[in-house]
Amino acid sequence: MIIPNTISFTNAITAWARCTRKDSAKRAQALLDQMLHLYSSENNQDGKWDHIKPNKISYNSVITAWARSNERGSARQAEELLRNMYDFYNNESGLDPNCKPDARSFNAVINAVARSRDKNCADRAKFLLDEMGRLYNEGNDDLLPDALTFGAIINAYANSLEAGASDKAAQLLMHMESLYSMGFEQAKPTTFVYNACMNAFAKDPLICVMDEVRQQVEGGGNSTSLNRAEKAEQLLDSMERRYDQEKDWRIKPDIISYSTVINAHANSGTCTAGVNSDNILRRMLHRYLMGDTKCRPNAIVFTAAIKAHSTSINATLSGLDGSEDEVSKVQKQEQIKASAKRCEDLLQELCLLYQLPGNDSSLKPSSVTFELVIGALTLAEEWEGVKRITALREEGMPQRD
């Protein structure tokens, strides 16, 4: 007779955790519940079920199942299971180290909560991260978060669209930098982490923050305010410097890095958004031309640059309130026309790239791209340009919807 034990139960749980069925997490949970029921003190007074004692692998596999589940409330199930795991370790296992929650337990739950898109999910994940740090300081040396865990929380702040979320994301990044400087290699910020933090700034436009570091360097009493786009660009600068110095592929800027900063400028609402985005685009293209395939341009980055120039046009127009002298008014009108022309040039360049042999679909301009350019040319009253782009569109230039 084959008698099930901890290994066989855990193998079955792991199989369900890896399964793509909708009810796989519930199935894994049911097996763990069965193990706990049999091992419980009321059913195991004579020790006959000691051989199916759940361990950290059993628990972690179920946590992973909930973390991978798309069911509503799965993140909270993972959180609750982590608490139950501690209760089992403290009250049922006899403080068996094989049953004690470890870094994998916490990292899986934090990632599940951060990715859940539930209300306040970023703050909930941050609370678990802080708890992990507290336990580490109390002597639990294996409870160290990894870069993926930090990145998941930073990304959650970016997606929260809450006031101050980008500041919280930046604080987490600085915490990672601090841990790494103290010798914790696994806390080293990665490309994903940097991109997530830059995305937090990109989605939090028009709010200025104090650049304390620059203020200290420059001295004096006047503070320097940077908008969110400029803060995102500072992070990109840091990425480029670190990669050029260390040649560590884990922090290598990629197309997402550059397009995120360009998008941040597009959301900045400033007159210089277009010029700033062009600078970033040139840096990206330079890296690509030097052989960096991770910086290969696509329609998304061109569209973001066009959007940035459209932002410049709108910001300049809003500044035309009738109080300017004639020279200033003419200068602003010329700036508007130059931005509109740049929008058209970027679209034409994108179309040429797409029409190269191979017709790379990632370079196919979308209907949004055309609408942005037509809108910019209309604002600049460049009617001939509107006709050219409309004709290009109607002539059958393939577009992405």
Which listed residue, of LYS329, LYS294, LYS247, is under 26 Å from ILE374 (Cα atoms) and either open to solvent by 10 Å² or more (accessible area, probe 1.4 Å) or of a type outside the set (A, V, I, L, M, F, W, C) (or both): LYS329
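With the condition being of a type in the set (Val, Ile, Thr), I'd like the helices (runs of 4 or more DSSP H) fully within the stretch 240-341 carrying at least 3 qualifying residues.
Numbers: elements: 255-266, 273-289, 299-318.
Qualifying helices (runs of 4 or more DSSP H): 255-266, 299-318.
Which residues, counting only those in the stretch 234-244, are surrounded by 14 or more Cβ atoms within 10 Å (Cβ to Cβ) and not small (Gly, Ala, Ser)? I'd like the intermediate steps shown before the answer.
Initially, the stretch 234-244 is screened for residues surrounded by 14 or more Cβ atoms within 10 Å (Cβ to Cβ), giving 234-236, 238-240, 242-243.
The answer is GLN234, LEU235, LEU236, MET239, GLU240, ARG242, TYR243.
So in the stretch 351-363, with the set limited to residues that are part of a helix (DSSP H, G or I) and over 27 Å from the mean Cα position of the chain (by Cα), which one is surrounded by the fewest Cβ atoms within 10 Å (Cβ to Cβ)?
Within the stretch 351-363, the subset part of a helix (DSSP H, G or I) is 351-354, 361-363.
In the following step, the residues that additionally are over 27 Å from the mean Cα position of the chain (by Cα) were identified as 351-354.
Values: CYS351: 20, LEU352: 10, LEU353: 17, TYR354: 22.
If we take residues in the stretch 351-363 being part of a helix (DSSP H, G or I) and over 27 Å from the mean Cα position of the chain (by Cα), then LEU352 is surrounded by the fewest Cβ atoms within 10 Å (Cβ to Cβ).
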Which numbered condition GLN348 misses (of (1) modelled with pLDDT of 90 or more; (2) open to solvent by less than 60 Å² (accessible area, probe 1.4 Å)): (2)
Criterion violated by ALA158 - all others in (1) open to solvent by 20 Å² or more (accessible area, probe 1.4 Å); (2) farther than 30 Å from LYS53 by Cα satisfied: (1)
Residue check, ALA305 crowded, with 16+ Cβ neighbours inside 10 Å, at negative phi and touching a Gly at 6+ places or on another chain (Cβ under 7 Å): no
ASP141 being open to solvent by 70 Å² or more (accessible area, probe 1.4 Å), farther than 29 Å from THR20 by Cα, free of Cβ contacts under 8 Å to residues at least 12 places away in the same chain and in a loop (DSSP other than H, G, I, E, B): yes
Extreme residue, nearest to PRO297 (Cα to Cα), among residues of the stretch 369-401 that are open to solvent by 50 Å² or more (accessible area, probe 1.4 Å), modelled with pLDDT of 90 or more and assigned to a loop (DSSP other than H, G, I, E, B): GLU382
Pairs where the first residue, in the stretch 90-106, is among the basic types (Lys, Arg) and the second is open to solvent by less than 80 Å² (accessible area, probe 1.4 Å) and assigned to a helix (DSSP H, G or I), C-beta under 7 Å, 6+ apart: LYS100/LYS56; LYS100/TYR89; ARG104/ASN60
Selection count, the stretch 161-177, where residues are open to solvent by 50 Å² or more (accessible area, probe 1.4 Å) and assigned to a helix (DSSP H, G or I): 6
Members of the stretch 180-206 that are open to solvent by 20 Å² or more (accessible area, probe 1.4 Å), of a type in the set (A, V, I, L, M) and modelled with pLDDT of 50 or more: MET182
Members of the stretch 13-30 found to be touching a residue at least 24 places away in the same chain (Cβ under 8 Å) and hydroxyl-bearing (Ser, Thr, Tyr), listed by number: THR14, SER24
Conditions (1) charged (D, E, K, R); (2) exposed (fewer than 15 other Cβ atoms within 10 Å of the Cβ); (3) touching a residue at least 24 places away in the same chain (Cβ under 8 Å): number failed by LYS337: (2)
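Test of understanding: among SER318, SER366, SER312, which residue is out of contact with any Lys or Arg (no Cβ under 7 Å at 6 or more places or on another chain) and open to solvent by less than 70 Å² (accessible area, probe 1.4 Å)? Walk me through it before giving the result.
Working: SER318 fails: open to solvent by less than 70 Å² (accessible area, probe 1.4 Å); SER366 fails: out of contact with any Lys or Arg (no Cβ under 7 Å at 6 or more places or on another chain).
Going through SER318, SER366, SER312 in turn, just one is out of contact with any Lys or Arg (no Cβ under 7 Å at 6 or more places or on another chain) and open to solvent by less than 70 Å² (accessible area, probe 1.4 Å): SER312.
The values are calculated or read from the model by the stated rules, or taken from the named source; none is laboratory data. This is a predicted model, so every value here is computed, not measured. Note that each Cβ is placed from the backbone with ideal geometry, even for glycine, and that neighbours are counted across all protein chains shown. To get the accessible areas, we keep the full protein, side chains included, count just its heavy atoms, and leave off ligands, DNA and RNA. Shrake-Rupley method; radii C 1.70, N 1.55, O 1.52, S 1.80 Å.
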